[in-house]
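Chemist: Attaching a single structure in structure tokens format; questions to follow.
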Amino acid sequence: MLKIEGLTIHYGVIPAVKELNIDIPQGKVVCLIGTNGSGKTTTLRGISGIIKPKSGRILFEGKDLSRLDSHEIVRMGISQVPEGRGVFADLTVLENLKLGAFIRKDKQAINKDLEEVFALFPRLNERKHQQSGTLSGGEQQMLAMGRALMARPKLLLLDEPSMGLAPIIVKEIFKIIKRINDEGTTVLLVEQNANMALSVAHHGYVLETGEIVAQGTADELQNNDMIRRIYLGIH
Ligand code: ATP
């Protein structure tokens with residue numbers, strides 16, 4: 001579904017990612033793991049059109065996205081849940097969710113999708129009239145994911161959904177990621193929490209200082225000595 005070929009992105013003269021090749025098959029969860037500053041967020045921003053690559057191609061269903069604007073990329077079916085969630089704090093939960101459907105005009109279908117988001121995240125339903133800035137971190141993550149789903153993406157990009165959340169909430173969020181994928185959405189998941197990421201992903205890539213140093217199925221990565229030692233904390 002998404003094929004990244006030779007992607008290089010610079011900030012000024014400094015390369016943040018170099019010659020990346022990543023394949024995201026339709027219907028799968030693919031994760032990108034790596035420590036701080038390894039280039040995970042930069043890769044996602046390249047896909048969603050927030051930054052323009054220096055070279056390389058990003059093919060989505062065969063079409064090169066690398067020169068398109070963000071809003072065109074959203075219309076093609078790619079939604080990003082940014083690191084730090086990016087919910088509009090002064091708006092209610094319901095208002096934030098409706099904003100997620102801004103590219104759509106089909107009111108009835110939007111209302112049906114709202115019901116589906118509430119089924120996926122019952123907590124958001126209970127709090128739909130609450131100001132979003134007063135939600136807990138976990139609830140804000142759910143809201144950011146719900147908002148992205150309101151655009152009916154074919155590919156959902158998640159940037160560190162576990163960040164700053166208690167382990168029990170992380171588990172809940174990852175269960176929902178799995179459910180979203182089971183219902184047909186392809187997912188690219190960026191995570192520092194390699195354990196959790198590999199527990200839901202089919203395939204994974206490991207980034208170090210902007211380059212892929214390992215890749216494989218989740219099983220292969222979980223059994224790779226280097227990954228176990230450095231990323232999974234197993235000695
Ligand atoms: P984290 O988990 O800490 O967000 P990351 O793997 O997502 O890390 P990136 O945010 O993609 O890493 O950063 C990759 C490199 O690019 C880092 O060295 C970072 O300092 C640099 N970088 C990121 N954003 C900018 C920017 N706007 N200007 C200059 N350099 C940047």
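The values are calculated or read from the model by the stated rules, or taken from the named source; none is laboratory data. Predicted, not measured: the structure shown is a model, and the values here were computed from it. FYI the Cβ positions are ideal-geometry reconstructions off the backbone, even for glycines, and counts take in every protein chain you see. Accessible surface areas use protein heavy atoms only, side chains included; no ligands, DNA or RNA. Shrake-Rupley method; radii C 1.70, N 1.55, O 1.52, S 1.80 Å.
Chemist: I'd like the full set of residues that are among the charged types (D, E, K, R) and part of a helix (DSSP H, G or I), limited to the range 54-101.
Modeler: E72, R75, E95, K98 - these are the residues of the range 54-101 that are among the charged types (D, E, K, R) and part of a helix (DSSP H, G or I).
Chemist: Is it true that some residue in the range 58-65 is surrounded by 15 or more Cβ atoms within 10 Å (Cβ to Cβ), among the charged types (D, E, K, R) and at pLDDT 95 or above?
Modeler: For the range 58-65, residues surrounded by 15 or more Cβ atoms within 10 Å (Cβ to Cβ), among the charged types (D, E, K, R) and at pLDDT 95 or above: absent.
Chemist: Would you pick out the residues in the range 216-229 that are in contact with a His (Cβ under 8 Å, 6 or more places away or on another chain) and open to solvent by less than 60 Å² (accessible area, probe 1.4 Å)?
Modeler: Once the filter is applied, which keeps residues that are in contact with a His (Cβ under 8 Å, 6 or more places away or on another chain) and open to solvent by less than 60 Å² (accessible area, probe 1.4 Å), the range 216-229 yields G216, T217, A218.
Chemist: When residues of the range 8-27 are filtered for being within 18 Å of the chain's Cα centre (by Cα) and open to solvent by less than 70 Å² (accessible area, probe 1.4 Å), how many remain?
Modeler: Total satisfying the criteria: 7.
Chemist: Moving to a separate point now. When you look at L44, is it among the aliphatic types (A, V, I, L, M), in a strand (DSSP E or B) and either open to solvent by less than 20 Å² (accessible area, probe 1.4 Å) or within 16 Å of the ligand (Cβ to nearest atom) (or both), yes or no?
Modeler: no
Chemist: Which residues, counting only those in the range 102-153, are part of a helix (DSSP H, G or I), surrounded by fewer than 15 Cβ atoms within 10 Å (Cβ to Cβ) and of a type outside the set (D, E, K, R)?
Modeler: Answer for the range 102-153, where residues must be part of a helix (DSSP H, G or I), surrounded by fewer than 15 Cβ atoms within 10 Å (Cβ to Cβ) and of a type outside the set (D, E, K, R): Q108, A109, N111, A119, P122, G133, T134, G137.
Chemist: Look through the range 67-79, keep the residues that are in contact with a Gly (Cβ under 9 Å, 6 or more places away or on another chain) and in contact (Cβ under 8 Å) with a residue 40 or more places away in the chain, and return whichever of them is most open to solvent (accessible area, probe 1.4 Å).
Modeler: Among those that are in contact with a Gly (Cβ under 9 Å, 6 or more places away or on another chain) and in contact (Cβ under 8 Å) with a residue 40 or more places away in the chain, it is V74.
Chemist: Scan the range 17-35 and give yes if some residue there is free of Cβ contacts under 8 Å to residues at least 12 places away in the same chain and within 10 Å of the ligand (Cβ to nearest atom), otherwise no.
Modeler: The answer is no, given that none of the residues of the range 17-35 is free of Cβ contacts under 8 Å to residues at least 12 places away in the same chain and within 10 Å of the ligand (Cβ to nearest atom).
Chemist: In the range 106-142, which residues are under 20 Å from P167 (Cα atoms) and not basic (K, R)? Spell out the reasoning first.
Modeler: Step one: of the range 106-142, the residues under 20 Å from P167 (Cα atoms) are 120-124, 135-142.
The answer is L120, F121, P122, L124, L135, S136, G137, G138, E139, Q140, Q141, M142.
Chemist: Would a scan of the range 94-108 turn up a residue that is within 30 Å of I227 (Cβ to Cβ), within 18 Å of the chain's Cα centre (by Cα) and more than 16 Å from the ligand (Cβ to nearest atom)?
Modeler: No, every residue in the range 94-108 fails to be within 30 Å of I227 (Cβ to Cβ), within 18 Å of the chain's Cα centre (by Cα) and more than 16 Å from the ligand (Cβ to nearest atom).
Chemist: I need the full set of residues from the range 10-40 which are part of a loop (DSSP other than H, G, I, E, B) and of a type in the set (S, T, N, Q), in order please.
Modeler: Within the range 10-40, Q26, T35, N36, S38 meet the criteria.
Chemist: Continuing with the same structure: Hey, can you tell me all the residues within the range 154-167 that are crowded, with 20+ Cβ neighbours inside 10 Å, touching a residue at least 40 places away in the same chain (Cβ under 8 Å) and not charged (D, E, K, R)?
Modeler: L155, L156, L157, L158, P161
Chemist: Limited to the range 173-215, what total is found for residues that are surrounded by 17 or more Cβ atoms within 10 Å (Cβ to Cβ), within 16 Å of the ligand (Cβ to nearest atom) and assigned to a helix (DSSP H, G or I)?
Modeler: Of the residues in the range 173-215, 3 are surrounded by 17 or more Cβ atoms within 10 Å (Cβ to Cβ), within 16 Å of the ligand (Cβ to nearest atom) and assigned to a helix (DSSP H, G or I).
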